[in-house]
1. Determine which single condition Glu114 fails, assuming it passes every other condition in (1) modelled with pLDDT of 80 or more; (2) surrounded by fewer than 16 Cβ atoms within 10 Å (Cβ to Cβ); (3) more than 24 Å from Gly158 (Cα to Cα).
2. Could we say that Tyr142 is assigned to a strand (DSSP E or B) and either under 23 Å from Glu37 (Cβ atoms) or more than 15 Å from the chain's Cα centre (by Cα) (or both) here?
3. Considering every residue within region 160-168, establish whether at least one is under 23 Å from Leu38 (Cα atoms) and either aromatic (Phe, Trp, Tyr) or crowded, with 16+ Cβ neighbours inside 10 Å (or both).
4. Of the residues that make up region 120-129, is at least one without any contact (Cβ under 8 Å) to a residue 12 or more places away in the chain and surrounded by 18 or more Cβ atoms within 10 Å (Cβ to Cβ)?
Amino acid sequence: MKGICLWITGLPGSGKSTIADAVKERFPEFVILRMDELRRLVTPEPTYSEEEREIVYRTFVYVAKTLTGLGHSVIMDATGNRRSWRELARKEIKGFIEIYLKCPLNMCMAREKERLETHGAPKEIYDKGRAGWPVPGIAAPYEEPLNPELIIDTDVTGIKEAVDLIDALISRR
């Protein structure tokens, strides 16, 4: 299982960080890369412009590629709303696995309002999206994956079951 990369993608509030943490609990050797934490370091005063997003996501892919190339297994916890960024990771990272957390927007919005820990994500992100921020699902497109290795409907699938599905996928590799 050395050197694989799981990109857990989905709308804000779909459960990416929760499932990333649960996978890490089952597989402690994984390194979690969180886009929101990287963004705070790379762009301390983010504009969320398309140019800035392109640079930040390319950096994110580079870090994951470097770590997997060194034999580490990585979880990429990031919305990654543009398919092109996830396809770049697929092209550049050996052992790449895309996991799409599918969840209705209204449920993502409700979860986002209730969550206490954001792992660096802006709070009240959907309210900000309604105010004009480029939030995926509201004021920016979220391009669903075309052929992910795994789709998990997080509105009906619990955390343990989701991790079991990921475990089974990893075991087949």
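1. (3)
2. no
3. Residues of region 160-168 that are under 23 Å from Leu38 (Cα atoms), as a first pass: none.
No, because not a single residue in region 160-168 is under 23 Å from Leu38 (Cα atoms) and either aromatic (Phe, Trp, Tyr) or crowded, with 16+ Cβ neighbours inside 10 Å (or both).
4. yes
Here's the yes/no breakdown for (1) in contact with a helix residue (DSSP H, G or I) (Cβ under 6 Å, 6 or more places away or on another chain); (2) surrounded by fewer than 16 Cβ atoms within 10 Å (Cβ to Cβ):
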{"residue": "Arg39", "(1), (2)": "yes, no"}
{"residue": "Val42", "(1), (2)": "yes, yes"}
{"residue": "Glu45", "(1), (2)": "no, yes"}
{"residue": "Ile55", "(1), (2)": "no, yes"}
{"residue": "Gly80", "(1), (2)": "yes, no"}
{"residue": "Ser84", "(1), (2)": "no, yes"}
{"residue": "Lys94", "(1), (2)": "no, yes"}
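The values are calculated or read from the model by the stated rules, or taken from the named source; none is laboratory data. Nothing here was measured: the structure is a model prediction, and the numbers come from that model. Glycine gets a Cβ as well: all are built from the backbone with ideal geometry, and neighbour counts include every protein chain shown.
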